[in-house]
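Let me begin by presenting the structure, written as structure tokens, before commenting on it.
The values are calculated or read from the model by the stated rules, or taken from the named source; none is laboratory data. The structure displayed is predicted, hence computed values, not measured ones. Don't worry about glycine lacking a Cβ; one is built from the backbone with ideal geometry, like all the others, and counts go over all protein chains shown. For the accessible areas, the whole protein counts, side chains as well, though only heavy atoms, and no ligand, DNA or RNA atoms are used. Shrake-Rupley method; radii C 1.70, N 1.55, O 1.52, S 1.80 Å.
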Amino acid sequence: MKNSVKVHSALFVVALIYAANYSISKDVMPQYMGPFGLVLLRVVGATVFFGILSRLVAPQDRIQGRADQLRAVACGILGIGLNQLLFFSGLNLTSPINASLIQTIAPVVTVLASAVLLGERLTLPRLAGIALAGAGAASIILSKGPVAAGGQDGLLGNIYILLNATAFGVYLVLVMPLMRKYHPFTVLARIFLVGAFLAVPAGWQQVQQPDYASFPASIWAAIAYMVVCLTILAYLLNNWALKYASPALLGAYIYLQPALAVLIAVSLGKDVLTWDRAWQALLIFGGVFLVSRKPKPAVAAEAVPLEPVQD
């Protein structure tokens, strides 16, 4: 019972951290710092942290073999570099609610990637779920609802978030064998290091431009939140919870994150919930629910567990 409470608490905190980020990031971008500058700070901070932690916790653990090395590079590019660059670029242009809803389709991409890369069977309910979630995401992407202030390109921002969810969905399939074979901190240290090779050149100019002396305390707090809570604490809690949580429980928390993101964004006046967005959310949630259902027993053992969406 105690362990169950701890697992639920960890997953809820992770969902809350990610949900709050949709609104908190908008306070920083683009007025104080560009999206790539934020990605640089996040990735470099996490690279140093997990690099030190992996040497303390699992000093003898090393990713070995050409196949695993290449897999780790692919995970770093998709799950860290492209994932975060696309996410913050998209969030900079679109609204918090749009971003949180579109990103929910990551589990759908995971199932598609599992079918292509692992030969997992696509059942009729899963195909229906893919179509339903795809229709909801397409409706949001093509809609002309509220977007970021300043007349920015909401359509382009929505597309970036879709590509972000796609990159992360494929990453989940690729990283699972590494997580089962090596210590999680060993894997995180390596993939963040690979991601840093994309984030540093992409964000170097933007991280030098701001007048840091003019930053109010609230902006420093927001940046600290994104580096410490969003990048480090969420990864630690998420990886711990994955050891004990069932795929069904993880699937349930997929729906909690956008719900919390909507509540936070609306309560802070960062965004507006419309009826169009409500039915678009229902389409995506319905699709993800169908996709997340396990196939019949023979295939279920091979299914890749779904993780809460990460940026």
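Observations on the structure shown:
- Heavy-atom accessible area ranking, 1.4 Å probe, most first, across Arg180, Arg190, Arg277: Arg180, Arg190, Arg277
- The peptide list 39-45, 260-266, 65-71, put in order of mean Cβ contacts within 10 Å with the highest first, becomes 39-45, 260-266, 65-71.
- Heavy-atom accessible area per residue - the chain, 1.4 Å, Å²: 44
- Peptides 121-128, 162-169, 89-96 ranked from most to least packed, by the mean per-residue count of other Cβ atoms within 10 Å: 89-96, 162-169, 121-128.
- Over the chain, DSSP H runs of length four or greater, each weighted -39,500 (n - 2.57), average out per residue to a 222 nm ellipticity of -24000 deg cm²/dmol.
- Value of relative contact order over the chain, rounded to a whole percent, pairs C-alpha under 8 Å and six or more apart: 40
- Most to least packed among 227-238, 52-63 [average Cβ atoms within 10 Å]: 227-238, 52-63
- Estimated FRET transfer efficiency when R0 is 41 angstrom, pair Leu56-Ala138 (beta carbons, to 0.05): 0.35
- Taking label points 7 Å from Cα along the Cα-to-Cβ direction, Lys243 and Ala224 give a separation of 2.9 nm.
- Amide N proximity, segment 53-84 versus Leu117 label position 7 Å along Cα-to-Cβ, cut-off under 16 Å: 67-84
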